[in-house]
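Peer 1: Please see the structure below; I have some questions.
The values are calculated or read from the model by the stated rules, or taken from the named source; none is laboratory data. Computed from a predicted model, the values in this text were never measured in an experiment. Using ideal geometry, Cβ is built from the backbone for each residue, glycine included, and neighbour counts are taken over all protein chains shown.
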Amino acid sequence: MKPSKYSDFAHTGPGTLAGRFIRHFWQPVYVGADLKPGRPVRIQILGEYFTLFRGDSGTPYVLEDRCPHRQTSLALGWVEGDCIRCFYHGWKFDGHGQCTEQPAEKASFAAKVKARAYPTQEYLGLIFAYLGEGEAPPLPRFPELDDVEGVLVANRHPVPCNYFQRIENDLDETHVHFVHRVSTDSYGLNELPDIDCAETDYGILRVGARQGSGANLTRTAHWMMPNVHFLDLPPSPSHPHWTVYLAYRVPVDDENMVTLSVAVRPVGSNTTGKRETIEPDPAQMTEDVLAGKIRIQDIDPKYPGLFVVQDNVALAGQGRIVDRSKDWLGQSDKGIILLRKLWERELKKIGEGKSLKNWHRPKEKLHLLVDRPKELAQV
């Protein structure tokens with residue numbers, strides 16, 4: 001792929017074309033169960049820092065990280081009701097960013113001061129924020145997950161590379177047979193798919209056609225602009241059943257990202273709905289493999305974090321940011337080729353001041369391999 005000024009998908013800080021594009025969409029910023037009332041946290045998304053807190057009412061709020069007074073992080077302060085008070089001089093801000101108290105100033109001054117606040121919603125166990133300009137669009141809903149006969153599990157894990165490498169991996173079904181071969185071989189997923197991809201109203205429909213014998217089923221995945229993957233996942237070491245899975249690949253900065261995800265676990269699968277803690281930490285295991293301390297082929301196939309470590313190593317093994325102009329893409333890379341074309345098209349529209357495509361998913365349920373969650377354990 002010959003680079004152009006519209007093919008820089010990797011850099012997402014303020015003012016970049018890719019960053020401006022992503023900011024047109026809601027992004028998950030935290031797992032809801034991890035945000036405790038009265039315990040503000042500092043988060044980094046798209047190369048910027050923000051303060052996230054949950055008020056006494058239970059409502060989450062996202063504000064700019066710096067207090068407008070003297071630029072100390074608001075995350076260091078105290079939550080009072082549904083407001084946050086700066087640690088430095090006690091200026092108090094409500095969840096909409098309005099300053100309501102300034103202990104050492106005249107009463108009339110507070111009304112003139114406002115911290116930037118961002119629209120925030122909690123959905124499917126994740127906290128979402130709209131970090132763009134103007135009025136926020138409706139938060140996309142997933143009817144496939146709103147009414148399920150299973151347990152929703154929200155999770156978060158870091159990936160030590162640029163987010164676009166993770167997105168491209170979502171359009172690459174062939175890698176499953178090599179990166180995850182320890183697991184796929186164990187349950188008979190051994191037929192390489194015939195990949196077909198098409199642009200849709202929401203992004204890309206990816207189909208991996210197989211003959212259908214045993215575990216070699218034709219798999220459908222829905223990749224949604226700008227960084228959402230929705231599909232059925234095959235069995236893994238810790239979950240020996242097919243899983244409906246929604247994942248957001250969120251940039252932290254240009255060299256790090258996090259996946260915030262929601263998975264459906266079957267009732268009776270010993271799942272409580274709480275965030276899953278894996279030991280040893282997959283992030284540390286990833287670093288140990290990349291540092292040459294261990295070989296990924298030597299990790300216990302039953303290790304519950306194996307899928308995460310395998311993907312992380314394949315992705316970070318490219319480098320923190322990959323030079324895409326050096327790629328030799330083949331027919332199995334149809335999804336990646338289409339992905340890059342769509343992104344370059346949209347970034348060009350932003351650069352030329354034109355309107356973006358109205359990306360949206362249908363209101364009706366999307367086709368998945370497992371259309372009824374009760375069948376998860378039987379597929």
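Peer 1: Checking residue 46 against (1) crowded, with 18+ Cβ neighbours inside 10 Å; (2) without any contact (Cβ under 8 Å) to a residue 24 or more places away in the chain; (3) in contact with a helix residue (DSSP H, G or I) (Cβ under 6 Å, 6 or more places away or on another chain), which single condition isn't satisfied?
Peer 2: (2)
Peer 1: Out of 311, 288, which single residue is at pLDDT 95 or above, over 24 Å from residue 261 (Cα atoms), assigned by TED's automatic domain parsing to the domain that holds residue 171 and not in a loop (DSSP other than H, G, I, E, B)?
Peer 2: Exactly one of 311, 288 is at pLDDT 95 or above, over 24 Å from residue 261 (Cα atoms), assigned by TED's automatic domain parsing to the domain that holds residue 171 and not in a loop (DSSP other than H, G, I, E, B), namely 288.
Peer 1: If you scan the range 177-194, which residues turn out to be under 27 Å from residue 296 (Cα atoms) and at pLDDT 85 or above?
Peer 2: 177, 178, 179, 180, 181, 182, 190, 191, 192, 193, listed by residue number.
Peer 1: A further question follows. Of all residues in the range 106-148, how many are assigned to a loop (DSSP other than H, G, I, E, B) and farther than 18 Å from residue 230 by Cα?
Peer 2: 14
Peer 1: Which count do you get for residues in the range 253-269 that are hydrophobic (A, V, I, L, M, F, W, C) and surrounded by fewer than 18 Cβ atoms within 10 Å (Cβ to Cβ)?
Peer 2: 1
Peer 1: Kindly indicate whether residue 51 is of a type outside the set (Gly, Ala, Ser), surrounded by fewer than 18 Cβ atoms within 10 Å (Cβ to Cβ) and in the same structural domain as residue 123 (by TED's automatic domain parsing).
Peer 2: For residue 51, the condition - of a type outside the set (Gly, Ala, Ser), surrounded by fewer than 18 Cβ atoms within 10 Å (Cβ to Cβ) and in the same structural domain as residue 123 (by TED's automatic domain parsing) - is not met.
Peer 1: Is it fair to say residue 149 is touching a residue at least 12 places away in the same chain (Cβ under 8 Å) and in the same structural domain as residue 336 (by TED's automatic domain parsing)?
Peer 2: Working: touching a residue at least 12 places away in the same chain (Cβ under 8 Å): yes; in the same structural domain as residue 336 (by TED's automatic domain parsing): yes.
Considered against the rule, which asks whether it is touching a residue at least 12 places away in the same chain (Cβ under 8 Å) and in the same structural domain as residue 336 (by TED's automatic domain parsing), residue 149 comes out as yes.
Peer 1: Residue 76 is checked against (1) in contact (Cβ under 8 Å) with a residue 40 or more places away in the chain; (2) out of contact with any strand residue (DSSP E or B) (no Cβ under 6 Å at 6 or more places or on another chain); (3) closer than 29 Å to residue 277 by Cβ and fails just one. What number does that condition carry?
Peer 2: Of the numbered conditions (1) in contact (Cβ under 8 Å) with a residue 40 or more places away in the chain; (2) out of contact with any strand residue (DSSP E or B) (no Cβ under 6 Å at 6 or more places or on another chain); (3) closer than 29 Å to residue 277 by Cβ, the odd one out for residue 76 is (1).
Peer 1: Which members of the range 187-235 meet the condition of being touching a Leu at 6+ places or on another chain (Cβ under 7 Å), charged (D, E, K, R) and either crowded, with 22+ Cβ neighbours inside 10 Å or part of a loop (DSSP other than H, G, I, E, B) (or both)?
Peer 2: Selection gives 206, 210.
Peer 1: Okay, moving on. Take the range 1-59 and flag every residue that is polar (S, T, N, Q), over 17 Å from the mean Cα position of the chain (by Cα) and outside any loop (DSSP other than H, G, I, E, B).
Peer 2: Taking the range 1-59 and keeping what is polar (S, T, N, Q), we get 4, 7, 12, 16, 27, 44, 51, 57, 59.
With over 17 Å from the mean Cα position of the chain (by Cα) added as a condition, the list becomes 4, 7, 16, 51, 57, 59.
Passing the criteria: only 51.
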